[in-house]
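Asks: Supplied in structure tokens, the structure appears directly below.
Read-outs throughout are calculated quantities, based only on the coordinates presented, and are distinct from any laboratory measurement. Not measured: the values here are computed from a predicted model. Quick reminder, even Gly has a Cβ in these numbers, built from the backbone with ideal geometry, and neighbours come from all protein chains shown.
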Amino acid sequence: MTISIELEANILRLHYVEKWRTGTIANQLKLHHYVVKRVLSQSGVPKEQIFKGPTLLDSFLDFVKNTLKKYPTLRASRLYQMVCERGYKGGADHFRHSIANHRPKPEAEAFLRLKTLPGEQAQVDWGHFGNITIGKAKRPLMAFVMVLSYSRKIFLKFYLNQQTSNFLRGHEEAFFAYNGVPKIILYDNLKSMVLERHGDAIRFNSTMLAFAAHHRYEPRPVAVYRGNEKGRCERAIRYIRDNFFAARKWQDLDDLNAQAIAWCNGPAANRPCPEDRYISVQTAFINEQSMLIKLPNNPFPTEERTEVSVGKTPYIRFDCNDYSIPHDHVRCKLTVIAKVNKIFILDKATVIAQHIRSYDKGQQIEDPAHIAKLVEQKRIAHQHRGQDRLIKTVPLSAQFLIRAAARNYKLHLVVGSLLKLLDSYGANELTVAMQEALDRDVPHQHAVRLSLERRRDLQELAPPINLDLPKDHRVRDLVIRPHSIDTYDRLKLMQENNMEDLNHDNTK
């Protein structure tokens, strides 16, 4: 809010001459109290010296200032507990706002402007550009940024995470775009680069050390809390946010990266070079390119590699999705090698499956050949279960099936028909009918059916009742052997004898 010079003079007069408080001035002049505080601060009055009435904190100020002088970063919550133990009765929120005026400010630090030689140095960092939704998955949109310190040539590539594999891929593609490797690359203390650090003692990520050795450059993490040492990359990320990403429309990640390449080689390369404002970044890069280290002949492996355990279903879980494998590799450990757009599944050194990589979530990616083989295997297994049940219930069926196979009959049809006849007529009748068919040298299911129907007509029996059994093979394949009815005859005879004895006793 902008106010007139006359009103500013009136605020200063009321404060210095009349000794009015900030709130009183704001109420009387119909202003916000922040406006009054701003005017007083601009006049050279520190916030803590702006006239205020007595507060509960006044008697504890010496203790607070001495404590903050000794421990400048001590949190207000801990300091509040300390003053409460010494008798302070004020609220926590008011105390926290008051402490902000008394906390010592760090001294301003001056920095030297760093100069680098052509081909000497590059700077690398990640930039977070929000999230994108792919199907059911919400993934972070991460920008890998590399900047050559001399020419300020920018390389930009977007990925869906900042894992080490993508960190390596970003380096590889940047080196390919530059057609060379800088001698030194500066990093923040990223987990992809630094696993542990105590002062100058650094434990590097072994994969990144091998990568740097392969390309013959020196990886150099900057000092902790010294982002200014790689300020060129920080400014490049800000420049990308404002000049490239803001209000940009794109269809998918491939489209966004294609636009990023065009921008790096177009507007970003044509801007003036900060080292020499009379030439462009592209011209400075052409002069610098000959000073870069040559690319190695063989690429460094940048694929993700992980071990997975396979359960009882022929699928492996990788990056929130399920991928099919051949059914004969269940209940074992396999290796997944993942590239940006494809994954390979290995059993030791043999590739057993490969799929297009999905960045969705909860998807089931299948190879039709894997499913077809599994269905065929299940069909064969079902046929074997049927054969086992038939042979166990009617032993003569083993010979019957051998004779049928010799005639090139389709065994799965023969077995299916005989199982239906078994459910309708029972094991005894089916055994007799099979024997008649074998005696006539006709080992076919229709011969057995005709024999059963003929025997039924001769005995003047009712048609068989077709049972609708459950599909569960544990029920359908259950073998039930019929018992002899002689037991019931003996029970009937015993019951008749008991009745005669009872009648004889009653007569007496």
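Asks: Only one of the values (1) 22, 44, 25, 9, 0; (2) 19, 44, 30, 7, 0; (3) 14, 24, 24, 16, 12, 8, 1, 0 was calculated from this structure for P(r) over Cα pairs in 20 Å bins from 0, in percent; name its label.
Replies: Only one option fits the structure, namely (3).
Asks: Is it possible to state the helix-based mean residue ellipticity at 222 nm for the chain, with each DSSP H run of 4+ residues giving -39500 (n - 2.57), the sum divided by total residues, to the nearest 500 deg cm²/dmol? What is it?
Replies: -13500 deg cm²/dmol
Asks: Right, another one. Would you please give the FRET efficiency between GLN495 and LYS392, computed as 1/(1 + (r/R0)^6) with r the Cβ-Cβ distance and R0 = 45 Å, to the nearest 0.05?
Replies: Given R0 = 45 Å and the Cβ-Cβ separation, E is 0.80.
Asks: In addition: Aspartates and glutamates near LYS230 by alpha-carbon distance under 12 Å, same-chain residues fewer than 8 away left out - which ones?
Replies: ASP125, ASP188
Asks: Turning to a different aspect of this structure: In which sequence would VAL222, VAL351 go, from the one with the fewest C-beta neighbours within 10 Å to the one with the most?
Replies: With the fewest neighbours first, VAL222, VAL351 line up as VAL351, VAL222.
Asks: Could I ask something else about it? Modelling each spin label as a point 7 Å along the Cα-to-Cβ direction, I'd like the HIS384/GLU303 distance in nm, to one decimal.
Replies: Simple spin-label model gives 3.4 nm for this pair.
Asks: Separate question: How much length is gained if the chain between ARG203 and ARG331 is pulled fully straight, taking 0.36 nm per residue apart and subtracting their Cα-Cα distance, in nm to one decimal?
Replies: Gain on extension, ARG203 to ARG331, equals 42.3 nm.
Asks: Of LYS69/LYS89; LYS191/LYS342; LYS157/LYS333; LYS30/LYS105; LYS342/LYS373; LYS37/LYS65, which sit over 29 Å apart, Cα to Cα?
Replies: The pairs that break the limit, which is 29 Å between Cα atoms, are LYS157/LYS333; LYS30/LYS105.
Asks: Moving to a separate point now. As I understand it, the value is the acute angle between the Cα axis of helix 396-406 and the longest principal axis of the Cα atoms of the chain; what does it come to in degrees, rounded to 10?
Replies: 80 degrees
Asks: Based on other C-beta atoms within 10 Å, arrange ASP319, ASP276, ASP486, ASP367 from fewest to most.
Replies: ASP486, ASP276, ASP367, ASP319
Asks: Here is a further query. Quick one: angle between helix 33-42 and the longest Cα principal axis of the chain, in degrees between 0 and 90, rounded to 10, please.
Replies: For 33-42 against the chain, the angle is about 50 degrees.
Asks: Need the full-extension length gain, GLU6 to THR283, defined as separation in residues times 0.36 nm minus the C-alpha distance. One decimal, nm.
Replies: Taking GLU6 through THR283 to full extension adds about 94.2 nm, to one decimal.
Asks: Follow-up. What order do you get for HIS102, HIS327 when you list them from fewest to most C-beta neighbours inside 10 Å?
Replies: Sorted ascending by nearby Cβ count, the order is HIS102, HIS327.
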